[in-house]
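In what follows, a single structure is set out as structure tokens and then discussed.
Every read-out reported here was derived from the displayed coordinates using simple, explicitly stated rules and does not represent laboratory data. These numbers were taken from a predicted model, which means no experiment stands behind them. Note: ideal-geometry Cβ built from the backbone for every residue, glycine included; neighbour counts use all protein chains shown.
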Amino acid sequence: MNGPLLRAPVLRLTEAAWFRRLATGPLGRRVASRFVAGETLDDAIRVAKALDGQRISTMLDHLGEHVTAPEHVSEAIAAYLRALDRIRIEPFLDVQLSVKLTQLGLDFSHELAVASMERLLEAAREADTLVMIDMESSGYVDPTLRVFHELRTRHERVGVALQAYLRRTPRDVDALPPGSIVRMVKGAYLEPPEIAYPSRREVDAAFARLTATLLARGHTVHVATHDPRLLEGAVAYVTKRGLPWSRVELQMLYGVRRDLQLRYAGEGYPVRVYVPYGVEWYPYLTRRLAERPANMWFFVSNLVRFGG
């Protein structure tokens, strides 16, 4: 069964109360540490330093989404500001930041999300780093892109993720401001077939087409996948056309396909690893388990091994 077809049953499994209790208990936390750096900023910086020693850059994500009260927005902003301050005082580390707008007030108003991002982007300017806006489920694409487009009129070092499995994404690419920074991902949320391609073949083809289109139009592209064929295709496209690698990064997730991370970094390609941290790690973990059968197998087999 391929990734898109497996997503629905795995997500249903992870919603079960018994599975959540198991996954968030001591044994589950031990296994989840493969995919999550830890619960504190110090944990994330420790991982960033270790990856830096392997010539791999990082992007930090303080986990959390869909805050339910305005005061929680302030807490999220404070957490990101602490991360940016830490990045500022670690000048030899190449660390960027990824944020979810539902953590920054998007469910309350467009204006609150923009104001939250303005605070982070000012701090990011002082830290000399980039802030990427992560993309969430399909219902958030329009409001997320509205925030991005507004911010892009005032800030250059802000980018956005686009999801290849959404049928609408070619139109979103057409509407991007010139010289945008885009993180191209496959997509990990459960969506109906009229909104998202249901097969891996269709998703992979869309990913390759969109990556080529973005590069051909002069955008900076973060090629975020663990698929060796798509990575090789992106490398071949950039090499054949003589595009500068300053406009391209190969990005992967912490704990996933470490062999590919080390291989490409060792060959001199720009590699960046997405490093999540924080106490709200369970929703992130469920999406990682659902998007790749190998991740689910790793998690379950290690629960059995450590539990035995």
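The H on the amide N of H222, modeled in the peptide plane, is under 5 Å from the matching H of V182, R183, M184, E249, each at least 5 residues off or on a different chain.
Ranking of K240, K100 by neighbouring Cβ atoms within 10 Å, starting from the fewest: K240, K100. The ranking of S180, S137, S74 by Cβ neighbour count inside 10 Å, starting from the fewest, reads S74, S137, S180.
Computed from backbone phi with θ = phi - 60° and the Karplus coefficients 6.51, -1.76 and 1.60, the 3J(HN,Hα) list for region 156-170 is 8, 9, 9, x, 9, 8, 10, 10, 5, 6, 7, 5, 7, 4, x Hz; x is used for glycine and proline.
With both labels modelled 7 Å from their Cα along Cα-to-Cβ, the T213 to A50 distance reads 3.9 nm.
Amide H contacts of R167: A196, Y197, each under 5 Å away and 5 or more positions distant or on a separate chain (H built 1.01 Å from N in the peptide plane; Pro and chain starts excluded). The H on the amide N of L130, modeled in the peptide plane, is under 5 Å from the matching H of L97, each at least 5 residues off or on a different chain. Under 14 Å from a label point set 7 Å out along the Cα-to-Cβ vector of R125, no amide N atom of region 49-72 is found. The loop-placed trypsin sites (Lys or Arg not before Pro) in region 144-183, going by DSSP, that have at most 11 neighbouring Cβ atoms within 10 Å of their Cβ come out as R154. Placing unit charges on the Cβ atoms only, positive for Lys and Arg and negative for Asp and Glu, gives region 38-280 a dipole magnitude near 1100 debye about its Cα centre. Bridge orientation summary for region 38-280: considering DSSP beta bridges with both residues in this region, about 5 percent are antiparallel. Please work out the C-alpha center-to-center distance from region 152-182 to region 51-112 and express it in whole Å. Cα centres, region 152-182 to region 51-112: 19 Å.
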